[in-house]
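Asks: Just passing along the structure, written as C-alpha cells.
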Amino acid sequence: CSSDLATATLQRWCDAHLLAPGERIVADRVAGEPKDPGPEVLALLGARSADQVRYRHVRLRCGAHVLSDADNWYRPDRLSRDMNRVLEHTDTPFGVAVRETRFTRRTIRAELLFQPLPLGWETGSPPDGDVQVPWSVIRHRAVLTTRAGKP
C-alpha cells in the first residue's frame, strides 16, 4: 500500500488497522532549531548551500498515535508563494502542501530498525514473552521531484 504521498500511505494503514477510527492523519509541527541539511541533502536537492534550503520537522499522527517523525528539507524557490506559506504557518503535511507540483517520490534508503521475530523463528519454537517495540522501527529517506525532474 504505497503512494507518492506518505500521508495517504499512513492513512490507509491507520484505517486498515483500526488504529483511530474516523481520525485523519495530522502533522504536528515540532519547534526547535533547524537541523543542518548536510552535504547529502544539499546534493539531493541540487542546492549549493544551506541558505537555499528550508527545514521543517513534523510528527505525523493518527489520533494519539505518532506514526512518523519527519525531517523535511525543501527548496522554497521551487514552490509557490502559497505552498511556502502553508509549510511555514500550518500543520499541513508536506506532501499535501506541495501536491500541486505533481511530484514523484523516489526512495533513497529504507532501513528496517526492528525485527520482532528472530531469524529462523518459523523452524523453531515460538519466542517467549512480550515483544518490546522501540520508538523507531523504520528509517526512510526519499526525495520528491517535480514532473520536470527537479528536486
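Asks: Can you list residue pairs whose Cβ atoms sit under 8 Å apart, with the first residue in segment 31-43 being modelled with pLDDT of 95 or more and the second being loosely packed, with under 11 Cβ neighbours inside 10 Å and among the basic types (Lys, Arg)? Count only pairs 6 or more apart in sequence or on different chains.
Replies: Every condition considered, the pairs that remain are 42/48.
Asks: Quick test for you: out of 12, 54, pick the one residue that is of a type in the set (D, E, K, R) and under 17 Å from residue 150 (Cβ atoms).
Replies: Of the residues listed, the single one that is of a type in the set (D, E, K, R) and under 17 Å from residue 150 (Cβ atoms) is 54.
Asks: Does residue 70 satisfy the condition of being open to solvent by 40 Å² or more (accessible area, probe 1.4 Å) and either among the aliphatic types (A, V, I, L, M) or in contact with a Phe, Trp or Tyr (Cβ under 8 Å, 6 or more places away or on another chain) (or both)?
Replies: Considered against the rule, which asks whether it is open to solvent by 40 Å² or more (accessible area, probe 1.4 Å) and either among the aliphatic types (A, V, I, L, M) or in contact with a Phe, Trp or Tyr (Cβ under 8 Å, 6 or more places away or on another chain) (or both), residue 70 comes out as no.
Asks: Give the residue that is most open to solvent (accessible area, probe 1.4 Å), with candidates limited to residues of segment 107-151 that are touching a Ser or Thr at 6+ places or on another chain (Cβ under 9 Å) and more than 22 Å from residue 74 (Cβ to Cβ).
Replies: 113
Asks: Which of (1) closer than 30 Å to residue 21 by Cβ; (2) open to solvent by less than 40 Å² (accessible area, probe 1.4 Å) is the odd one out, the single condition residue 64 does not satisfy?
Replies: Exception for residue 64: condition (2).
Asks: For segment 35-47: of the residues being open to solvent by 90 Å² or more (accessible area, probe 1.4 Å) and not acidic (Asp, Glu), which is nearest to the chain's Cα centre (by Cα)?
Replies: It comes out as 35.
Asks: Residues in segment 11-33: is at least one within 18 Å of residue 136 (Cβ to Cβ), in a helix (DSSP H, G or I), hydrophobic (A, V, I, L, M, F, W, C) and open to solvent by 30 Å² or more (accessible area, probe 1.4 Å)?
Replies: Within segment 11-33, one or more residues are within 18 Å of residue 136 (Cβ to Cβ), in a helix (DSSP H, G or I), hydrophobic (A, V, I, L, M, F, W, C) and open to solvent by 30 Å² or more (accessible area, probe 1.4 Å).
Asks: Further, regarding this structure: If I filter segment 87-98 for residues that are within 17 Å of residue 40 (Cα to Cα) and either open to solvent by less than 50 Å² (accessible area, probe 1.4 Å) or within 17 Å of the chain's Cα centre (by Cα) (or both), do I get at least one hit?
Replies: Keep residues of segment 87-98 that are within 17 Å of residue 40 (Cα to Cα), which gives none.
Looking for residues that are within 17 Å of residue 40 (Cα to Cα) and either open to solvent by less than 50 Å² (accessible area, probe 1.4 Å) or within 17 Å of the chain's Cα centre (by Cα) (or both), one finds none in segment 87-98, hence no.
The values are calculated or read from the model by the stated rules, or taken from the named source; none is laboratory data. Model, not experiment: these values are computed from the prediction. Neighbour counts run over all protein chains shown; Cβ positions are idealised from the backbone, glycine included. The area values use the complete protein model at the heavy-atom level, side chains included, leaving out ligands, DNA and RNA. Shrake-Rupley method; radii C 1.70, N 1.55, O 1.52, S 1.80 Å.
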